[in-house]
1. Working from the pairwise distances between different alpha carbons, so that the mean of 1/r is found and then inverted, what is chain A's Kirkwood radius in Å?
2. Summing +1 for each Lys or Arg and -1 for each Asp or Glu, what net charge is found among the other residues whose Cβ lies under 9 Å from the Cβ of B:GLN167?
3. Antiparallel as a % of all DSSP beta bridges within the protein assembly as shown, to the nearest 5?
4. Which pairs, out of B:LYS85/B:LYS117; A:LYS124/B:LYS117; B:LYS85/B:LYS140, put more than 22 Å between their alpha-carbon atoms?
5. Want the number for B:ARG287 to B:GLU215: 0.36 nm per residue separation, take away the alpha-carbon distance, what's left?
6. Using only the alpha-carbon atoms, how far is helix C:129-141 inclined from the longest principal axis of chain C? Give it as 0 to 90 degrees, nearest 10.
7. For the range C:71-136, which trypsin sites (Lys or Arg not before Pro) are in a loop by DSSP, counting at most 15 other Cβ atoms within 10 Å?
8. Between A:GLU86 and B:ARG7, what is the label-to-label distance in nm when each label sits 7 Å out along the Cα-to-Cβ direction?
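Just so you know, all these numbers are worked out from the coordinates, no wet-lab data involved. It should be emphasised that the depicted structure is a prediction, and the values quoted were computed from it without experimental measurement. Methodologically, a virtual Cβ is constructed for each residue, glycine included, from the backbone with ideal geometry; neighbour enumeration extends over all protein chains shown.
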Amino acid sequence: MIRLLLSRLATLIPTLLGITVVAFALIRLIPGDPIEIMVGERRLDPAAHAALMTQMGLDQPLLVQYWAYVKQLAHGDLGKSLVTREAVSAEFAVLFPATVELAAAALLLALCVGLPLGLAAALKRGSWFDQAVMALATVGHSMPVFWWGLILIMAFSVGLEWTPVSGRVGIEFDIPTVTGFMLIDSALSDEAGAFVSSLLHLVLPAVVLGTIPMAVIARMTRSSMLEVLREDYMRTARAKGLAPARVIVVHGLRNALIPIVTVLGLQVGSLLGGAVLTETIFSWPGIGKWLIDAIGRRDYPVVQAGILVSALVFITVNLVVDLLYAVVNPRLRGGR
Amino acid sequence: MSLLQIRNLRVSFSGFQAVDGVDLDVAEGELLGIVGESGSGKSVTAMAVMGLVDPPGIVTADAVRFDGQELLALSPAQRRRIVGKDIAMVFQDALNSLNPSHTVGDQVREVLRAHLKLRGAALEARVLELFELVEIPAAKSRLSNYPHQMSGGMNQRVMIAMAIACQPRLLIADEPTTALDVTIQAQVMQLLARLQREQGLSLVLITHDLAVVAEMAQRVAVMYAGQVVETAAVDTLFDRPRHPYTEALLAALPEHNRGAARLAALPGIVPGRHDRPAGCLLAPCCRYVQPRCGAERPPLAQGVRCFFPVGGRT
Amino acid sequence: MNGVVPADTLVSAPPSPWTEFRHAFAKNHGALAAFVVFALIATGALLAPLLAPHDPVQQFRDHLLTPPLWQAGGMATYPLGTDELGRCLLSRLLYGARVSLLIGLCAVLLALLPGVLLGLLAAFHERWLSPAIMRLMDILLALPGLLLAICVITVLGPGLVNTVIAIAVSALPGYVRLTRAAALAERGKDYVTASRVAGAGSWRLMFDTVLPNCLAPLIVNATLSFSSAVLETAALGFLGLGVQPPLPEWGSMLSAARDYIERAPWVVTMPGLTILVTVLSINLMGDGLRDALDPKLRSAS
């Protein structure tokens, strides 16, 4: 296992370096004067321009600039926002937990709904239930996330007035930040009804974001389970006189989950992309919305940081999924 | 009274009659060999006894009695108390028949926990004892192995250990050595024979290998196209086969064809789904066929299912 | 001897692969229905100038936010109603179909052709090219699809052509990996060795021998990435990063409609429904193709 971890990390290094190169190159690839782009001001007089060039080290060879950038990153310095003039890393630290909370809720929902539905569909293969689940899954998989969000807002927020339209918690509440996760913070605060409010605010965005992963997981669980049900070891398990529930879960599902773990990594990627859209619709203050706003405002240091961090998160998640896969599939762990 | 009594077992899959009226008896402590080619229904018969036939398969019988109890009349829960405990089965491809995600030790522990409710030290002791009984070397360290880490022969021994774990009265082995190397085959066969003697269990050995049956079995049942066509003591069967199919089977053995230019083979193919004869199922291929054979189905009488057995009726 | 079946009275000659495929595809009712729906949409897109009742960018100031035909206040002149600037929704949807399908097609081709080439190269030159190509793809894959597209747009700026490039870039690694995996699998087979022994050079091996046998998964993937491309185009349009006004695009239509959820829900439902139906039909076709082309996958469903 350790060997696996180390070998994975080894292939990771060049990829990480590649990401930093991309992030570094991002700003410099944009057509236009780099100073104007990086400082956000136009028509600087030549003296100020030259001074800024030296100050920002832009007159140095590219390799030196890159090295400076990497050193900067290593210190956790992600630059300053052109709009707020604040350190990007500080803003990021506030917004990141919001996205994590949303993504985690969405993934949890996707697993808790998708897995059982896929399992039941496989067990009742060919029945109307199976066909209905598959039909829903296909529709869910084809759903434009941003439209789905708007439709649900129309139905539940505007029509039924069950859920709020935006934000993480009702504006009437003032929740001190402890963990950054609104559900926890609101529960910890002594404001009555804060937890419920934060829950209500989370429900719709989580459902919207989790719909595509839910559909994919349901389909995958079903097809994986169908394959497993045909395996010889299922017959052996029944020949041992074990209870049907045990045969299905301990023998069947245990092996069916193996391919599903590989899909999880991709789903997190889909969540990251979907988070951008979902946060925009629900005005959820996370890094997705931050990124889009920054692009619109040409706040390039923020965009650069956002891309870098997203890539980092995605790579880390994939690494974790790879390791999880080895845990779940004994055939990968070495031995004969 | 026999330990296992099967009368008129029929199994069909969407109209295809895989088992077409099988009658069988297995006595206590007996080693019965069931021989037949692929498609003769021998495996399906075993599955039907174990309760492993799923829809769309339909299982009917006049009787499937184990130790006096009618198996088909039991509820699924009642049947599960017997299967794996009093009747056990060993399958052909051990590697694929074992769960790849559980250690072999855990898979044996599972059946002990479920049926004998063993726990803790008693459980560990029994698992180790079983592994040693099936002659797995370095048994203790093997317990935490996964099936893919062991050879085919080892895996088959694990399957046998799982099957005899609760000291069954009847063990069904479906082609237990077909997937193994020739040298390992002999070892596993000897193991099975030894276990049968020592534990006093009845063993039903399903195989297409006549040589194995000749060596090990006490009685033999020959199956063709879903029916038992002849049953006899092993010596009798090999010396004086009475059913034309048995005769043809023996005649096709290489040992009986020394010096011949071609192996004596039975012409035609086993009737499948669409071409089942109205009369005797062997009639289209039988060299002794008479008009009556095409019209009526012969019953299993005096151990042979034929109107005109070879050598006449005794 | 009686009852023996003579060897030459066999079944008729086996059907050609094309006939087999057509039968398998047609048996799948969902795929067939999807094909019909998609054909309708594609026809609508092609014939938009003929079918659209109005110019999609023309604003009818007197008829802002008219409801569709079947609702109170609707009129036949604007069958699906008008948007907040008085533009005919049906016309915009039809012209929007042109944009989406065109971008989708171009993006798929732009990703497919280099992707297959790179994948084949990686499969056949395992020592040098393969690690280099795969590392490059790993970098591209470090960002999930939509984010990568956003990244490209940030550098290139928004617009139709840039949208095609952005989506193609995010789809490229998928093709490379798929082709490489399929080609590697084929490369080990005997018919390739036979060709090589007969003297076929590298290029000939790649394109003549191996590629035709990798087509099935490629076709399926191309169909599914076509639907992804349509979704991504709409997503980028929704975020304001894709196709720019006044060019009608389904996603950007939705973005503008956000403020009118209560007052004029049809401006929200119509474009979104169109996106959903289009993507759904392409996905169902892709599923049908996969089931028909790859028997191994077929049995699992």
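1. 23.0
2. +1
3. DSSP beta bridges in the protein assembly as shown are roughly 60 percent antiparallel.
4. Pairs exceeding the cut-off: A:LYS124/B:LYS117; B:LYS85/B:LYS140.
5. Once the chain is fully extended between B:ARG287 and B:GLU215, it gains 23.0 nm.
6. On a 0 to 90 degree scale, this one is about 30.
7. Counting only loop positions with at most 15 other Cβ atoms within 10 Å, the trypsin sites (Lys or Arg not before Pro) in the range C:71-136 are C:ARG127.
8. Taking the two extended label points, one gets 8.8 nm.
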